Amino acid sequence: MTAVPQERKLVTAIPGPKSQELQARRLGAVAGGVGSVLPVFTKRLDGGILEDVDGNRLIDFGSGIAVTSVGGSAEAVVRRATAQLADFTHTCFMVTPYEGYVEVCEALAELTPGDHAKKSALFNSGAEAVENAVKIARAYTKRQAVVVFDHGYHGRTNLTMALTAKNMPYKHGFGPFAPEVYRVPVAYGYRWPTGAENCGPEAAAQAIDQITKQIGAENVAAIIIEPVLGEGGFIEPAKGFLPAIVKFANDNGIVFVADEIQSGFCRTGQWFACEDEGIVPDLITTAKGIAGGLPLAAVTGRAEIMDAPHAGGLGGTYGGNPVACAGALGSIETMKELDLNAKAKEIESLMKARLSAMQEKYEIIGDIRGRGAMIAIELVKDPASKTPNPEAAAALAKACHAEGVIVLTCGTYGNVLRFLPPLVIGEDLLNEGLDVIEAAFATL
């Protein structure tokens, strides 16, 4: 494997002729419901650069949606996964187990918050992890109701669509959804009516009031929240909100689930985003950044809760696939070796400084938020009204793509540009990507 040169290089228009050829084939063979942000076909991915089939090299500010945090072909991930491939690709852990699965569970017990006894179960995707967290919480509490939050995203299965807040494109036309799911307010400081400084306690009081009156705390099996909301717009719940919700859950025998699928594994400058306010969840769901791009997910939590389902009640044919487990051990090895938590904090300080300077020039940047290498800007028509500006987000993304920088949009209103660079990206590439973004603002 030859390393991809870490420099942006455009040799054709984006997308180039070979990508366009492949796109024509794709339209004939791949279901239309599967979208792509940018129809550029990837040849190699390494560090902070994606090289396409036409030889263009694009700066990657997406990481495959926070997955390739250690880069798209990290040495330790490739080495361990290759060795495992040569030994065996599958046995099904539920038929004959293997050490890699156990090693990943041991690593998760060590890395996740809290010093209580912990156990894990491994799955394939984030949605599967969340769905199994609900199963585990229901088995443990013997209750049924599940509480989620405005702007939350938890997946695309039937149950996780019910948990997800946003209709389009995730839920539209796919109902009816799973029952016994209830949604309550979240502490979205930028849009809180009485201002960000009051938001944490006020939103927590509202949420708790709704749970108590509309559901009954004694009926709630689980409260599920992303400690930094992902698809909903990289919303950091205002300070004080999460601790109040956790206390309410603990006081009422409710299983508190931190959905760390997008925010976990050094992405926010800590192993897990819930550590920021000292939150110790009962269960934590992980996927995305866990295995360097191989499909793996986990539910990790208090041993007594994890052991509540009957033997055989959890599992799945591919869950904890041996090659994916090897990738996870390689990914964790890389994160420790390169201190990617520190790297994420460096990325945050550089990005926020540059974006703040842009905000002074361009008043459509209403808010800059996020932590570590999980940073976003919310775009508005004007700062006074805070009217969402999805058109600007789409135009900026398009302009960046044309200049060879991969950026993603998100947010309930579609007006948020989110930045998820690989944690191994070079500072020069990070600055160059921000130069392209700044130039896009200037032309807009």
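Readers should treat all values here as calculations from the given coordinates under stated rules, not as data from a laboratory. Everything numeric in this text was worked out from a predicted model, so none of it was measured. Note that each Cβ is placed from the backbone with ideal geometry, even for glycine, and that neighbours are counted across all protein chains shown.
Here are some notes:
- Estimated purely from DSSP H runs of n ≥ 4, each contributing -39500 (n - 2.57), the mean residue ellipticity at 222 nm for the chain is -11500 deg cm²/dmol once divided by its residues.
- Ranked 153, 190, criterion: other C-beta atoms within 10 Å, fewest first: 190, 153
- Neighbour-count ranking [beta-carbon atoms within 10 angstrom, fewest first] of 67, 37, 147: 37, 67, 147
- When only alpha carbons are used to place a centre, the range 294-329 and the range 127-181 end up 19 Å from one another.
- Selection from 278, 300, 320 lying farthest towards where the dipole of the range 264-348 points positive, charges on Cβ: 320
- For the chain, a Gaussian network of Cα nodes joined below 10 Å ranks 88, 234, 177 by mean-square fluctuation, and the top entry is 88.
- Exposure proxy shown here: for 285, 412, the number of other Cβ atoms within 10 Å sets the order, fewest to most, as 412, 285.
- Remark: relative contact order (the chain) = 22 percent; criterion is Cα-Cα distance under 8 angstrom and separation of 6 or more residues.
- Summed side-chain charge close to residue 367 - residues other than residue 367 whose Cβ falls under 11 Å, Lys, Arg +1, Asp, Glu -1: +1
- Prolate is the label for the range 77-337, because the ratio a/c of its alpha-carbon gyration tensor axes (a ≥ b ≥ c) is 1.5 or higher and a/b is greater than b/c.
- Potential extension, residue 119-residue 21 segment - 0.36 nm per residue separation minus Cα distance: 30.5 nm
- Rounded to 0.05, the FRET efficiency of the residue 362 and residue 339 pair, given R0 = 41 Å and the Cβ-Cβ distance, is 0.75.
- When the Cα gyration tensor is reduced to axis lengths a ≥ b ≥ c, the ratio a/c is 1.5 or higher for the chain, and with a/b not above b/c it is classed as oblate.
- Considering only the chain, percent of DSSP beta bridges that pair antiparallel, nearest 5: 65 percent
- Choice from 136, 65, 14 showing the highest fluctuation, given a GNM over the chain with Cα pairs closer than 10 Å: 14
- One Cα centroid belongs to the range 416-444, the other to the range 76-98; the line between them spans 37 Å.
- Cα-based shape type of the range 318-385, given that a ≥ b ≥ c are square roots of the gyration tensor eigenvalues and the cut on a/c is 1.5: oblate
- What you get for the range 77-337, charging only the Cβ of Lys and Arg (+1) and of Asp and Glu (-1), is a dipole of about 640 debye around the Cα centre.
- Percent of beta bridges antiparallel (DSSP, the range 77-337, rounded to nearest 5): 45 percent
- Kyte-Doolittle mean at least -1.0 and Cα axial length at least 15 Å: DSSP H helices in the chain: 75-87, 99-111, 126-141, 196-210, 241-251, 322-337, 340-361, 390-402, 427-443
- Computed label-point distance, nm, for sites residue 395 and residue 87 using a 7 Å Cα→Cβ extension: 5.5 nm
- The range 77-337: relative contact order in percent, alpha carbon pairs under 8 Å with at least 6 residues between: 31 percent
- Listed pairs 239/345; 361/381; 18/171; 213/386; 288/343 exceeding 26 Å between Cα atoms: 18/171; 213/386
- Choice from 429, 350, 163 showing the highest fluctuation, given a GNM over the chain with Cα pairs closer than 10 Å: 350
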